[in-house]
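Enquirer: Got a structure for you, questions after.
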Amino acid sequence: MHKSAYEQMELCVKEYMPASGRHRVVDLGSRISPNQSLTHRGLLDGRDVEYIGVDVLDGPNVDIVMPRPYRIPVRSRTADFVLSGQAFEHIPFFWASMMEISRVLRPGGLAFVTAPSRGHVHDAQDCWRYYPDGFRAMAAFAGLELAEAYTDFPPMKGIRFDYAAIDGKRAYWGDSVGVFRRPRRARRRVWEYAVRELTVRYANRVGGVEDVPLPEPVAGRDRCGRATPAAPAGPGAPTAPAKPSAPSTPTAPAAPLVPAPSPEARPGAAEPVTAKTDTKEA
């Protein structure tokens, strides 16, 4: 993940996670590449936590590999916190993943999600950008409360965003941050269970977008919808920072669901965590 997204997650941890007590933390999309070290696990140093890093691919900082891309292999209502950083833009059917986050959270548990609101199309599969209203929609669909939602929007120039004034080093990706809470009192439990199970099972059946090829571009619009190299930036234009490598599909081994963080250091050792993987309602 780029540095500003890491710092946004750090703020969420400091603001919402008590320093005392033991917490069970699930990190959705925890894998990093071998030349990186920034992990959410590192944000929890000094706290008494059971950290479970889950990802569709094995690798550094992964404790449990997800057999299915839209089923978190953790029992229902057992996580105090769920973290997911810079993954949701690469998840084709993010509403299914959000319902899974709701399922694994304990009543009163919190989820911290960061995702970009802007930035160039990167990697083979880049589906979405997010605003606070998008987080409101996610909370409504998954039966969650929204404790906080904001976006690092560009500076304003009159009634428009001044994109040329963006800090290309730190603010290029425009982080959006959502803090979600599972209600302490169950709401629409039967409906939520039925809709969630149908949604998650169908999402796993479809898998991803690989069966829908991108159409050939219309003449004169060769770059429309494609991650082609950008034209040379003019004077004063922000330079796009490197974005981590992302997956092409959440179902193929060569296409992880979650992109690796941007290279900034070396990975720390990940201690295996043994967790029950029964996902049925308790």
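The values are calculated or read from the model by the stated rules, or taken from the named source; none is laboratory data. The model shown is predicted, which means the values in this text are computed figures rather than measured ones. Counting neighbours? That spans all protein chains shown, and the Cβs are built from the backbone with ideal geometry, glycine included. Surface areas here come from the heavy atoms of the whole protein model, side chains and all, with no ligands, DNA or RNA. Shrake-Rupley method; radii C 1.70, N 1.55, O 1.52, S 1.80 Å.
Enquirer: I need the trypsin sites (Lys or Arg not before Pro) found in segment 23-83, filtered to DSSP loop residues with at most 11 other beta carbons within 10 Å of theirs.
Expert: none
Enquirer: Using protein chains only and a probe of 1.4 angstrom, how many square angstrom of T199 are accessible, to the nearest 10?
Expert: Its heavy atoms expose roughly 30 Å² to the probe.
Enquirer: Return the distance in nm (one decimal) between the two label points of a simple spin-label model at Y163 and V195, each offset 7 Å from Cα along Cα→Cβ.
Expert: Inter-label distance under the simple model: 3.5 nm.
Enquirer: State the volume of the convex hull built on the alpha-carbon positions of segment 104-213, expressed per residue in Å³ and rounded to an integer.
Expert: 146 Å³
Enquirer: Here is a further query. Count charges around G178 for me, please; just the other residues with Cβ under 12 Å from its Cβ, Lys/Arg as +1, Asp/Glu as -1.
Expert: Charge balance near G178 sits at -2.
Enquirer: So, how do all the Cα-to-Cα distances of segment 31-153 break down into 5 Å bins, in percent, from 0 on up?
Expert: Computed distribution, short to long bins: 2, 9, 18, 24, 22, 16, 7, 1.
Enquirer: In whole Å, what is the distance between the alpha-carbon centres of segment 157-209 and segment 1-79?
Expert: 17 Å
Enquirer: On to the next question. Using a 1.4 angstrom probe on the protein heavy atoms only, line up E7, E145 by accessible area, largest first.
Expert: Correct descending sequence by accessible area is E145, E7.
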